[in-house]
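What follows draws every value from the coordinates through simple rules; no lab data is involved. This one's a predicted model, so the numbers in the text were calculated from it and none came from an experiment. Using ideal geometry, Cβ is built from the backbone for each residue, glycine included, and neighbour counts are taken over all protein chains shown.
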Amino acid sequence: MKKLIIFAVASVLVTASFGQTSDKYLTAMQPKVMMIDSNNSADTWKELANSFERIGDAEKTQWLPYYYASYCNIQAGYKSMPDMQSFGDNSSITDPFADKAETLLNKAELLSKDNAEIYIVRKMVHGLRMMGNAMSRYMTEAPKASEALEKAKSLNSANPRIYLLEGQDKYFTPEQYGGSKEEAKVLFEKALGLYDSFKPENSISPTWGRPTTQYFLSQIK
């Protein structure tokens, strides 16, 4: 009987401790996650990335901080590119961000296998590498990006971010190379419909992309 009482008390203490840790984790994450859909500057994206990474290092078992840190590094990489980058070689600017993003994403994947969200961001890592020097890297990075997105689709075909990224590819690719604004519109509309029905697991689960989808739809007449 005495052993049962001790076990019960220990269980309560462990549960209480877990709850406090979980609350602290959510409190740290929530305000930063709310900034993910903002049009942040490169410096703000870098600050967010560093904050998420610190949370990940402190928690050690949570995949989301590393996932968001990876995403923020990708956005910082794009924001750091020259406004008129065209097809020049900007790899010295973008590669450090892509390398960091990939390292962080690998940490996230170690904590959450076969996760569609992780493959979606992996697609973006390859996209950033390609944009660093599109002329020389398209043939190597574009197939890797497509493969990552197809893997994401096989894991969760109802994820709206898949179709947002597909739509962006169609939107920005010249027509002579398979691009199409009309096909992009169909993909953006599909993404928007899926955002309406998408149910995140909790308050810090990925929900980003709706404003971007709405923006692209507003640009297609």
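Using 0.36 nm per residue and subtracting the Cα-Cα separation, the extra length available between Val186 and Asp37 on full extension is 51.4 nm. A simple spin-label model places the labels of Asn156 and Lys79 2.5 nm from each other, with each point 7 Å out along Cα-to-Cβ.
Note on Lys221: lysines with a C-alpha under 17 Å away, same-chain residues under 8 apart excluded, are Lys170, Lys181, Lys185, Lys190. Note on Ser146 and Ser22: the extension gain reaches 41.1 nm, defined as 0.36 nm multiplied by sequence separation minus the Cα-Cα distance. Between Thr44 and Ser203, full extension at 0.36 nm per residue minus the direct alpha carbon distance yields a gain of 55.1 nm.
Modelled spin-label separation between Phe172 and Asp99, with each label point placed 7 Å from Cα along the Cα-to-Cβ direction: 2.2 nm. Calculated mean residue ellipticity, 222 nm, the chain: -25500 deg cm²/dmol, from DSSP H runs (n ≥ 4) at -39500 (n - 2.57) each, averaged per residue and rounded to 500. Would you work out if the range 158-221 is rounded, prolate or oblate? Take a ≥ b ≥ c from the square roots of the eigenvalues of the alpha-carbon gyration tensor; rounded if a/c is under 1.5, else prolate when a/b is larger than b/c, oblate otherwise. Prolate, because a/c is 1.5 or more and a/b exceeds b/c.
Each residue of the range 186-198 is assigned a 3J(HN,Hα), and the resulting list reads 4, 5, 5, 5, 5, 4, 4, x, 6, 4, 5, 9, 5 Hz, derived from the Karplus form 6.51 cos²θ - 1.76 cosθ + 1.60 (θ = phi - 60°), x at Gly and Pro.
Which of the residue pairs Lys24/Lys107; Lys153/Lys199; Lys79/Lys100 have a Cα-Cα distance greater than 19 Å in the structure shown?
The answer is Lys24/Lys107.
Against the empirical curve 2.2 N^0.38 Å, the C-alpha radius of gyration of the range 22-155 lands at a ratio of 1.05.
Taking the Cα centre of each part, how many Å lie between the range 66-105 and the range 140-207? If we compute the Cα centre of each part, the gap is 19 Å.
Just want the ordering: Asp95, Asp83, from fewest to most Cβ atoms lying within 10 Å of their own Cβ.
Arranged by neighbour count, lowest to highest, Asp95, Asp83 become Asp83, Asp95.
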